[in-house]
Amino acid sequence: MPGVCTDPKHHVHDAEEFVSAVEAACRKRGLRLTPIRNYVLGLIAEAERPLKAYDLLDRVREGGGPGSIAPPTVYRALDFLLANGFIHRLESINAFVACHHPSSRPHSVPFLICDNCHDATELEDERVVQSLDARARALGFTPQAQTLEVHGLCAACSRAEAAPG
Ligand SMILES: [Zn+2]
Ligand SMILES: [Zn+2]
């Protein structure tokens, strides 16, 4: 898969750059990135951490985006972004995070979620997903989109916890 970033430390640092990458991917795939979709994507990309659904709605309300955006419109924009693999939804914390390789197709990935600082790392490892898929199919189960959410403490928070004082 070309354009797939395999570095788990690679976060979305530059929101503008990320939105441009999604714009390019939309052009290539014949998708329409409307101003509202673009705006919602930008808010998620700007957030340092996974953005909770209610925080997102707050930001939309305060941000004065294009026109007045009602929550159902925001949810429709999110559906589009999710369906096309530009963002991921973390079910266990009801939050959204920008995908760090927006040029690739929709994909399943394990996420490592820190319960202390709420950082989320996308663990890009095809083998995990493939082996889960194979085991499910062996049981006659047809898996669809899956987001594996692994909770725990990130490296930085583990270090802080271990430090005396
Ligand atoms: Zn991703
Ligand atoms: Zn942490």
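The values are calculated or read from the model by the stated rules, or taken from the named source; none is laboratory data. Please read these numbers as outputs of a predicted model, since none were measured by experiment. So basically every Cβ, Gly included, is an ideal-geometry build from the backbone, and we count neighbours across all protein chains shown.
Of all the numbered requirements in (1) modelled with pLDDT of 90 or more; (2) out of contact with any Pro (no Cβ under 9 Å at 6 or more places or on another chain), ILE93 misses one, and that requirement is (2).
Filtering the stretch 134-165 to residues that are surrounded by 13 or more Cβ atoms within 10 Å (Cβ to Cβ), in contact (Cβ under 8 Å) with a residue 24 or more places away in the chain and part of a helix (DSSP H, G or I) leaves only CYS157. In the stretch 85-104, the residue that is surrounded by the fewest Cβ atoms within 10 Å (Cβ to Cβ) out of those that are within 18 Å of VAL129 (Cα to Cα) and more than 10 Å from ligand 1 (Cβ to nearest atom) is GLU91. Close Cβ contacts (under 9 Å, 6 or more residues apart or on different chains) running from residues in the stretch 83-94 that are closer than 12 Å to HIS107 by Cβ and away from ligand 2 (no atom under 16 Å from the Cβ) to residues that are outside any helix (DSSP H, G or I) and acidic (Asp, Glu) comprise HIS88/GLU122.
Filtering the stretch 140-147 for residues that are in contact with a strand residue (DSSP E or B) (Cβ under 8 Å, 6 or more places away or on another chain) and within 24 Å of PHE86 (Cβ to Cβ) leaves a non-empty set. If you go through the stretch 96-116 and keep only what is among the basic types (Lys, Arg) and either within 15 Å of ligand 2 (Cβ to nearest atom) or not in a loop (DSSP other than H, G, I, E, B) (or both), you end up with nothing. The lone criterion from (1) surrounded by 13 or more Cβ atoms within 10 Å (Cβ to Cβ); (2) away from ligand 2 (no atom under 13 Å from the Cβ) left unmet by ASP119 is number (2).
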